Amino acid sequence: MRFLTAGESHGPQLTAIIEGVPSQLPLTAEDINEHLARRQKGYGRGRRMQIEKDQVQILSGVRHGKTTGAPITLAVENKDWTHWTKIMGAEPISEEEAQEVKRKITRPRPGHADLNGAVKYRHRDMRNVLERSSARETTVRVAVGALAQVILRQFGINMAGHVLEIGNIRAERKDFSSVGELKSVTEASEVRCSDEEAGEKMKEAIDDAKKNGDSIGGIVEVIAENVPIGLGSFAHYDRKLDGKIAQSVMSINAFKGIEIGLGFEAARMLGSNVHDEIAYEEGRGFYRKSNRLGGFEGGMTNGMPVVVHGAMKPIPTLYKPLQSVDIDSKEPFTASIERSDSCAVPAAAVVCEAAVAWELADAFLEKFGSDTMDDIHAAYNHYQEEARNF
Ligand SMILES: Cc1cc2nc3c(=O)[nH]c(=O)nc-3n(C[C@H](O)[C@H](O)[C@H](O)COP(=O)(O)O)c2cc1C
Ligand SMILES: C=C(O[C@@H]1CC(C(=O)O)=C[C@@H](OP(=O)(O)O)[C@H]1O)C(=O)O
């Protein structure tokens with residue numbers, strides 16, 4: 001599969017075109033809206049989330065609730081667009097009108113794409129950069145990830161994304177018997193954290209940051225269970241699935257790090273405490289007694305749950321302004337802002353889940369075929385039987 005997204009933060013809509021989705025997959029807008037609503041929630045978000053009510057429109061590739069195998073178009077409206085039609089319209093306008101509508105953005109915000117994008121594309125109005133580099137785009141990436149999860153669920157692969165850390169507040173690890181259980185607990189929490197006590201402290205940390213005009217980041221975790229052995233390949237660098245997941249997660253706005261399993265911690269430990277010993281049981285086949293490596297060896301899944309961590313930096317737009325330099329006057333200034341999230345880590349957990357879901361679903365279809373669901377089920381069942389009896 002492949003997909004492209006298009007759309008600006010304050011333009012009319014965000015759009016995704018997804019190619020390579022098999023036919024006969026049951027798919028409804030509700031399957032996607034559920035995830036869009038999850039992304040909008042979470043403690044620490046700014047006023048924009050009160051304006052938007054993200055709902056997908058399925059504009060092609062689905063008929064009477066089932067995919068046809070043709071490219072699928074998903075669109076999500078920006079409700080805020082009504083306030084921006086003049087500023088963001090596609091029709092040409094004169095210099096005077098441009099002055100009237102809104103002055104050019106010439107003050108780059110540290111931590112954003114503004115300055116690099118302006119130099120690269122030679123824009124003197126940095127709105128041309130910030131509109132597309134905004135994390136508003138993650139809306140439609142979540143829509144694409146929701147579709148990927150519909151595919152995965154057909155094969156019993158369940159996923160959850162949740163918050164492990166906000167600033168220096170860390171959640172206590174709890175044992176859940178299933179990803180579904182983890183998901184229901186975390187969705188009930190405003191910070192999407194399974195540890196109630198830590199969750200309250202996380203909210204306080206977000207409040208403190210906000211009160212001080214600051215922002216705060218954190219770490220999210222995504223878990224996928226019932227993933228078959230052998231998605232991805234050791235055979236070539238660009239087929240290694242852990243590498244593809246890393247690219248996808250790092251492409252999320254404000255993500256500065258990714259770990260699979262123990263991740264960076266593995267580098268500080270001895271080998272005997274890192275590697276997952278192999279066991280065998282008649283009827284079940286090979287399995288591991290532990291899952292420190294997060295379900296990956298040799299760029300391939302090993303049948304254990306896939307465990308991915310992503311680190312999000314604090315939101316760059318601060319009410320406590322940072323120093324910058326105007327690109328026209330070359331004068332220093334301290335940035336002022338109208339609105340911003342103070343923490344978007346709970347929302348980012350949903351985005352990270354979508355990124356991992358896409359890569360897993362793509363690798364799944366690469367292994368089991370991608371034309372029509374019946375054929376994929378047959379290939380999957382045959383392979384799983386072989387793997388159990390290997
Ligand atoms: C869900 C989500 C919401 C975000 N909201 C904001 C925001 O309100 N204000 C802001 O300055 N940055 C926000 N960001 C982060 C910026 O989009 C991001 O830092 C910026 O585009 C620069 O990209 P980089 O941090 O990946 O280098 C958000 C990120 C995510 C994932
Ligand atoms: C719109 C979303 O996030 C936006 C991401 C964002 C940024 O700079 O990345 C800045 C803010 O937008 P605005 O400047 O319009 O308030 C966030 O609200 C969203 O997540 O749907």
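Each reported figure results from applying straightforward, stated rules to the coordinates on display, with no laboratory input. Here the structure is a predicted model, which is why all the values come from computation and not from measurement. All Cβ positions, even for glycine, are placed from backbone atoms using ideal geometry, and neighbour counts span all protein chains on display.
Things to note:
- Each label point was placed 7 Å from the Cα along the Cα-to-Cβ direction; for Asn212 and Arg122 their separation is 4.4 nm.
- The tail of the calculated P(r) for the chain beyond 26 Å holds 56 percent of all Cα-Cα pairs.
- Gain upon complete extension [Glu100, Gln57; 0.36 nm per residue less C-alpha separation]: 12.1 nm
- For the stretch 16-96: rounded, prolate or oblate by the Cα gyration tensor [a/c cutoff 1.5]: oblate
- Karplus-based coupling profile of the stretch 178-190, in residue order and whole Hz: 8, 5, x, 5, 4, 4, 5, 5, 6, 5, 6, 9, 5, with θ = phi - 60° in 6.51 cos²θ - 1.76 cosθ + 1.60 and x standing for Gly or Pro.
- Within the chain: Cβ-based charge dipole about Cα centre, in debye rounded to nearest 20 (Lys, Arg +1; Asp, Glu -1): 880 debye
- Couplings 3J(HN,Hα) for the stretch 264-270, derived from phi with the Karplus relation 6.51 cos²θ - 1.76 cosθ + 1.60 (θ = phi - 60°), are 4, 4, 4, 5, 9, 10, 8 Hz, where x marks Gly and Pro.
- Normalising by residue count, the stretch 163-284 has a Cα convex hull of 157 Å³ per residue.
- Amide H contacts under 5 Å for Thr372: Ser23, restricted to partners 5 or more places along the chain or on a different chain, H placed in the peptide plane at 1.01 Å from N.
- The calculated FRET efficiency for Arg239 paired with His275, based on their beta-carbon distance and R0 = 30 Å, is about 0.85.
- Spacing of the two label points (7 Å from each Cα toward its C-beta) at Asn381 and Ser329, in nm: 7.2 nm
- Excluding exposed DSSP-loop GluC sites (Glu not before Pro) (at most 14 other C-beta within 10 Å), longest clean stretch of the chain: 1-171
- Angle in degrees between helix 196-211 and the longest Cα principal axis of the chain, rounded to the nearest 10: 20 degrees
- For Ala29 and Thr73, the difference between the fully extended length at 0.36 nm per residue and the C-alpha to C-alpha distance is 14.7 nm.
- Integer Hz, Karplus 6.51/-1.76/1.60 couplings in order for the stretch 240-251, x for Gly and Pro: 6, 6, 5, x, 5, 4, 4, 4, 5, 5, 5, 7
- Note on Tyr121, Tyr383: ascending count of other Cβ atoms within 10 Å places them as Tyr121, Tyr383, the fewest first.
- Tensor-based shape of the stretch 242-377 (alpha-carbon gyration tensor, a/c under 1.5 rounded, otherwise prolate or oblate): prolate
- Shape call, the stretch 1-138: gyration tensor on alpha carbons, a/c limit 1.5: prolate
- Sequence-separation-based contact order of the chain, relative, with Cα cut under 8 Å and 6+ spacing, percent: 22 percent
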